Amino acid sequence: MLKERRYVFSRVNMLVDAAIAAGSVAVAHWLRNEVLAPYFLPTVLRTPSRLEDYTWLFFIAPIVTVFCLARHGFYDLSQWKEERPFFGAIVTSAVQATIGLVVIAFFLQGRDISRTPSVEIGFEKVSRSVVLVFPFVLVGGLALKTLLLQRYLRRWRAISAKEHSILLVGSGESLRRFIKLIGDHPLWGFRIVGIVDDTGREAKYVHDIPVVGTLKNLIPYIETHPVDEVVFLPEATPLAQLAPYFEQCEEMGVRTRLSLNFFRPSIARPVLDTFETVPIVSYFPTRELNAALLFKYTFDRVAALILLILLSPVFIITAILIKLTSESWSDPIFYGQTRCGLNGKHFTCWKFRSMKVGADKEVEKLRARNIMGGPVFKVPDDPRVTRIGKFIRKTSIDELPQLWNVLRGEMSLVGPRPPIPAEVEKYDRWQRRRLSMKPGITCLWQVNGRNTLPFDVWMKLDLEYIDNWSLWLDFKILLKTIYVVATGYGAM
């Protein structure tokens with residue numbers, strides 16, 4: 001029932017907002033011609049605009065507007081449980097929608113997408129004043145609709161918000177938390193008619209809701225009382241003992257729900273799935289694969305391939321310089337090190353060799369000069385670094401071969417830096433969560449201080465990136481990386 005109400009609420013809301021966006025285009029055009037034109041023609045507004053020039057906006061403006069509103073959670077029913085102000089989201093969405101329309105108009109300038117030779121899409125045929133007036137009209141329309149909708153929901157909640165009756169089966173803290181949850185969301189429209197105690201230890205009432213019996217009374221109660229749904233919140237009863245009650249409810253056509261209350265995740269997001277006919281609840285401590293992540297991984301490989309081609313002269317020059325400054329002609333150009341990737345899986349991470357051969361064997365000699373806390377090892381003015389190594393490290397050229405790891409799908413352009421296995425062995429449990437996302441060439445802490453930051457701050461910034469990941473965040477990190485590389489800030 002809740003899923004259906006959410007679906008209906010969001011879709012109806014979207015349709016109304018789409019109509020408001022289309023209407024805002026017409027109103028903005030009318031205001032331009034009928035209100036502004038008498039005062040500004042022919043000085044600022046040189047000629048009257050024609051409504052047919054805006055035909056494409058009537059189709060695209062609703063799509064862009066609804067998309068922007070959805071990104072701000074405008075269609076989530078749970079956001080409407082309280083009369084929260086949506087004005088900030090409305091204004092932001094209106095501005096974003098207007099910018100989106102301007103960008104679309106620019107790219108479609110002069111193109112015919114209607115297959116009608118006389119109709120061309122282009123910003124040159126759209127009055128700038130209409131575009132400027134559009135977001136103000138849109139904000140007004142959306143704000144008025146929101147106020148009316150909130151008023152309707154208030155009235156609906158008072159009159160008929162508790163028409164859908166549910167019977168709870170359970171006991172203990174799980175039962176009490178669920179009753180409070182239902183009470184905090186009156187817009188869901190649930191009315192708890194009674195409680196079936198699965199332990200026999202509950203009082204006659206729980207939060208003013210009557211206890212109507214024990215498990216043996218469940219089916220007789222349903223047979224004599226109209227109930228829309230039965231929600232099972234077992235505290236002590238094994239699921240196997242509840243199976244017959246599910247079967248009898250199914251036989252009678254009564255909808256049932258099962259609360260998986262044995263685990264309350266603080267980070268992971270539960271996602272329902274099915275393996276054939278077996279229902280499974282998955283807990284994702286990171287984002288599950290969606291369109292944004294799929295775009296990220298696709299973009300990573302395409303960008304890595306393009307960069308490998310464009311930067312091939314840099315690769316060649318760097319390889320020559322490494323050879324010329326090596327102690328022996330047989331010394332390698334690249335340095336491959338085992339690192340921990342997604343979920344701790346090992347892979348070979350490639351770099352241009354910036355240290356002399358055998359540098360790993362001298363770590364213990366330099367351990368006392370380590371300036372980093374935790375398991376990370378960093379030494380200022382490391383004597384193992386070669387002459388060309390200092391330059392390629394400061395300019396981050398030594399990291400370029402990792403584009404090959406990105407192309408292979410072992411790394412991403414942006415993500416937590418891949419640690420070595422010896423470091424991971426010393427991690428605290430909470431620090432291991434940074435391995436739950438594909439490692440990257442650059443990351444949040446690298447553009448916020450790099451090696452000047454302590455180890456714990458590295459970890460917290462990596463987890464902050466994982467918890468707040470978005471394509472926009474990746475884009476900002478890539479832009480900051482260009483600045484950090486150009487200035488050499490924080491490099492060692």
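None of the figures in this text is laboratory data; all of them are computed from the coordinates on show. Quick caveat, the model's predicted, so the values are computed rather than measured. Here Cβ is always computed from backbone atoms with ideal geometry, including for glycine, and neighbour counts include all displayed protein chains.
Observations on the model:
- A protection proxy built from the mean count of other Cβ atoms within 10 Å ranks the segments 58-64, 172-178, most packed first, as 58-64, 172-178.
- Taking Cα centre as origin and charging only the Cβ of basic (Lys, Arg, +1) and acidic (Asp, Glu, -1) residues, the dipole magnitude of region 164-262 rounds to 260 debye.
- By the count of neighbouring beta-carbon atoms within 10 Å, fewest first, I388, I90, I309, I222 end up ordered I309, I222, I388, I90.
- From most to least packed by mean Cβ count within 10 Å, the peptides 198-207, 18-27 give 18-27, 198-207.
- Taking amide hydrogens as placed 1.01 Å from N in the peptide plane, the amide H of G194 sits under 5 Å from those of L168, each at least 5 positions away in sequence or on another chain.
- With the biggest extent put first, the Cα atoms of region 331-430 measure 33, 31, 22 Å across the principal axes.
- When the Cα positions of I320, I420, G341 are compared along the charge dipole of region 291-487, I320 comes out farthest toward the positive end, with charges on each C-beta of Lys, Arg, Asp and Glu.
- The protection proxy used here, the mean number of other Cβ atoms lying within 10 Å of each residue, ranks peptides 315-328, 136-149 as follows, highest first: 136-149, 315-328.
- Loop-resident chymotrypsin sites (Phe, Trp or Tyr not before Pro) (DSSP state other than H, G, I, E or B) in region 208-299 with no more than 14 further Cβ atoms inside 10 Å of their Cβ: F262, F263.
- Theoretical FRET efficiency, 1/(1+(r/R0)^6), r = Cβ-Cβ of L471 and E425, R0 45 Å, to 0.05: 0.85
- Sparse-neighbourhood loop sites, trypsin sites (Lys or Arg not before Pro) in region 377-454 - DSSP loop, at most 16 other Cβ within 10 angstrom: K378, R408, K426
- Residues T92, T298, arranged from fewest to most other Cβ atoms within 10 angstrom of their Cβ, appear as T298, T92.
- Amide hydrogen neighbours beyond the local backbone of E235, cut-off 5 Å, H modeled: S171
- Here region 397-420 is scanned for amide nitrogen atoms under 12 Å from the site 7 Å beyond the Cα of F334 along Cα-to-Cβ, giving 400-408.
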